[in-house]
Structures are given as structure tokens and as C-alpha cells.
Amino acid sequence: MSWLRVELRAVWRLSVTEESERKQGSCSRMSYSNLYERCQGLGGEKISRTVLVPLICEAASKPRPKVMLSSLNPEIIRGYFVTAHSEHPFAKFARAPGGSVIVVAREMNYCWKRFVEVKEMMHLFDENSQLVGTAAELESLINEFTAPQPVRSSALQSETSALWMALGVLCPEVKRQEFERVRAQGKISDDEIAERLKIPKRYVSHLFDVRYKRNLEMVLAA
């Protein structure tokens with residue numbers, strides 16, 4: 001299972017980008033910053049993937065990934081990202097050059113599929129050192145989830161960053177602040193916010209967590 005970019009059930013935290021990050025990685029995050037700014041002006045509560053996906057690909061300067069449904073167990077793995085150069089058999093479906101494939105668990109509902117697809121697309125901004133390409137690298141990444149290390153790997157940093165990056169484009173700041181205001185007044189529930197944004201309820205509270213702005217600012221500044 002060498003090529004899985006894992007979407008594990010875990011409590012996510014964002015690590016500071018390593019000081020040794022290469023220039024390529026900084027440029028990738030700059031591209032995400034541009035994407036984030038463009039998404040702030042999108043109207044409506046639910047941002048359509050028809051609109052969002054082309055913006056992501058343009059910002060990352062990468063071809064649109066092929067999205068494939070698979071019989072993954074979403075209790076273990078909800079989705080993963082495959083590059084054209086990985087060992088995964090689906091790599092042959094990547095649109096070259098620089099193509100990729102996003103594999104999503106078939107059994108999930110619409111909101112989960114939508115969120116996982118967008119979250120995995122955030123890996124288009126990864127540098128090569130952050131991508132999982134071999135069985136040993138995957139095993140190491142999974143071990144980091146179950147037994148965190150004092151210093152996080154680039155792959156794990158990428159996984160945690162991708163969550164906050166996805167939330168940042170799926171819920172523009174103006175909308176987030178409005179939801180935060182009415183939520184504090186008890187006029188809207190997390191279920192209602194999840195329904196309006198079409199994201200899993202599991203991640204609604206992340207939008208109002210004290211870590212949200214700090215984590216997103218760290219991604220944008222990297």
C-alpha cells in the first residue's frame with residue numbers, strides 16, 4: 001500500500017513549516033495564498049467545485065487531478081493522493097505531465113466526498129519531499145499518526161496543513177465570521193452550518209477553534 005496519502009481519523013494540529021523548507025515549497029504556499037485570496041470573493045454559502053477546482057489547478061499550475069471512487073473503508077482511510085510517478089496502479093490514470101489522481105472512499109456521503117476531494121487537492125501545492133511514494137514512507141507516516149515523533153516529518157506537516165487549507169477555501173473569512181457571530185448567539189447550530197457549507201459536521205467546530213486563524217495564518221505566511 002505504498003502510495004496512500006492517508007486521511008485518517010485523527011485530531012488535527014498544524015506544525016510550523018521547517019526552517020529548511022526549500023524555495024519550491026515557499027512558492028507553493030505563495031500559490032495557495034493567491035488561491036485563498038481569490039476564494040474570498042466567491043459568493044454563496046456553498047462554493048461549487050465547478051468553480052473551485054479550476055482555481056486550485058490554476059494557482060498550483062498543475063493539471064486537474066482525476067478523481068476516482070474506491071471501496072476504501074472510510075473508518076480507516078477516506079481518501080489519498082497519487083502522483084504520476086508513484087507506485088500506485090492508479091498512477092497510470094494521472095494526466096501528464098505533472099498529473100495526479102485523487103482516490104475517494106465510495107461509501108461516504110456527499111459532504112464527506114466533497115471535503116476529502118478538496119482536502120486532497122491541497123497536495124497539489126506540496127513539494128516533492130512532502131509526497132509519500134514508497135511503502136516505507138507510508139508506514140513511517142502512519143506510525144507518526146499513532147506514535148507522534150518529537151520532530152514531525154514533511155509528509156505529516158503536509159497532511160495537517162491540507163486540512164486547514166481546505167477549510168480556508170471552502171469557507172471564506174466573511175462567511176466564517178458571520179457564522180461565528182450567529183453561532184455565538186445560539187441562532188444557528190453546527191448541523192445547520194455543515195449543511196449550508198456542505199462540509200462534514202466534524203470539521204465545523206474547527207472553523208471557530210482558537211487555533212483556526214493561527215494555523216491558517218501560518219500556512220499563508222509560509
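Here, each number is a calculation from the coordinates, and none is a lab measurement. Predicted, not measured: the structure shown is a model, and the values here were computed from it. So basically every Cβ, Gly included, is an ideal-geometry build from the backbone, and we count neighbours across all protein chains shown.
For a 22 Å ceiling on Cα separation, which of these pairs sit above it: 113/187; 46/119; 66/201; 62/201?
113/187; 66/201; 62/201, as the Cα separations exceed 22 Å there.
So, in nm, how far is label residue 109 from label residue 188 when the simple model puts each one 7 Å beyond its Cα toward the Cβ?
1.8
Residue separation times 0.36 nm, minus the C-alpha to C-alpha distance between residue 57 and residue 42: what's the value?
Using 0.36 nm per residue and subtracting the Cα-Cα distance, I get 3.8 nm.
If amide hydrogens are placed 1.01 Å from N in the peptide plane, which non-local residues have theirs closer than 5 Å to the one on residue 67?
102
Between the alpha-carbon centers of region 181-204 and region 44-105, tell me the distance in whole angstrom.
27
I need the phi-derived Karplus couplings for region 199-215: 6.51 cos²θ - 1.76 cosθ + 1.60, θ = phi - 60°, integer Hz, Gly and Pro marked x.
Residue by residue, region 199-215 yields 10, x, 4, 3, 9, 4, 4, 4, 5, 10, 5, 4, 7, 4, 4, 4, 5 Hz.
Stretched out fully, how many nm does the piece from residue 173 to residue 196 gain, at 0.36 nm a residue minus the Cα gap?
6.8 nm is the gain from fully extending residue 173 to residue 196.
Kindly put 103, 116, 219, 174 in sequence by how many other C-beta atoms sit within 10 Å of each C-beta, fewest to most.
In order of increasing Cβ crowding within 10 Å: 174, 219, 116, 103.
Karplus couplings for region 41-48 from phi (6.51 cos²θ - 1.76 cosθ + 1.60, θ = phi - 60°), rounded to Hz, Gly and Pro as x?
Those phi angles translate into x, 6, x, x, 7, 9, 8, 5 Hz.
Classify region 39-108 as rounded, prolate or oblate, taking a ≥ b ≥ c as the square roots of the eigenvalues of its Cα gyration tensor: rounded when a/c is under 1.5, otherwise prolate if a/b is larger than b/c and oblate if not.
It is oblate, given that a/c is not under 1.5 and a/b is not larger than b/c.
Loop-only trypsin sites (Lys or Arg not before Pro) in region 70-113, please: DSSP not H, G, I, E or B, and at most 14 other Cβ atoms within 10 Å.
95, 106
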